[in-house]
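The values are calculated or read from the model by the stated rules, or taken from the named source; none is laboratory data. Computed from a prediction, not measured in an experiment: that's the story for all the values here. Cβ: placed from backbone, ideal geometry, glycine included. Neighbour counts: every protein chain shown.
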Amino acid sequence: MRLRLTKAVCLLAVLAFAGTASADVAVSTSNDPRAVINSEMSEFLGGERVALNSVAPSDIYRLRTVPDAPPATTKMPVLSYSKEFLARRPAATGGEEWRCLAEALYFEARGESVKGQFAVAEVILNRVASRRFPNSVCGVVHQGTGKRYQCQFTYNCDGYKEIIREKSAWIRVGKVAKLMLDGAPRALTSGATHYHTKAVNPRWARTFARTTTIGVHHFYRMPTRTASNG
């Protein structure tokens, strides 16, 4: 402990000299002597980086005596595909990608079971991970020609305005979207990239491998491309 305190005092002394000697000199990051000092201070503080010119004398004791903080970890809960599980989760919010995924789940699967909603979310994220589709959730959800009924997700091109009226359903799908974007496992659909309701029978379903059926939806995986089929 005495060695660490001595090292800190020495570093802070050099810090004070560097701050005054180079106050009016613009230097690159690679040549900035403060970068080396910051590296040493970072090691002493257990990885915490400090703005050298902002360390006040009153902070010296705090910097020397506060123990190293453990690294922050985010633990993914064990999923249970039920309304009870989602009810225990905090209300979710997020950025544009979260909003796009939540809206897709609301308009495409809000009447499905929780398991069915997670399955639809899997399809969207499986597409994001595929080179055959856009590489963002919003890109996947809004993919289409711009013409009526010529899009990947019908609610985006059916001519009707999307209005969220069912608050409880919106809260529920928002939680599903948050969990999936936070890294929940995609274990329901075996890599499916397509689905349709049992009420229809699209032509592409004849050549795609069906991976599972959940609720009112059949799920499919695209055929693997080879040199012969392009």
ask   = If we only count helices (runs of 4 or more DSSP H) wholly inside the stretch 83-129, which ones have 1 or more residues that are of a type in the set (Gly, Ala, Ser) and over 13 Å from residue 175 (Cα atoms)?
value = 96-109, 114-129
query = Out of (1) outside any helix (DSSP H, G or I); (2) surrounded by 15 or more Cβ atoms within 10 Å (Cβ to Cβ), the odd one out for residue 160 is which?
reply = (2)
inquiry  = Just the residues that are of a type in the set (Lys, Arg) and surrounded by fewer than 16 Cβ atoms within 10 Å (Cβ to Cβ), please, taken from the stretch 116-155.
reply    = 131, 132, 147, 148
key: Failed condition for residue 183, given (1) under 17 Å from the mean Cα position of the chain (by Cα); (2) surrounded by 12 or more Cβ atoms within 10 Å (Cβ to Cβ)   = (2)
message = It is to be established whether one or more residues within the stretch 198-211 are small (Gly, Ala, Ser), modelled with pLDDT of 95 or more, in contact with a Lys or Arg (Cβ under 8 Å, 6 or more places away or on another chain) and crowded, with 16+ Cβ neighbours inside 10 Å.
response = no
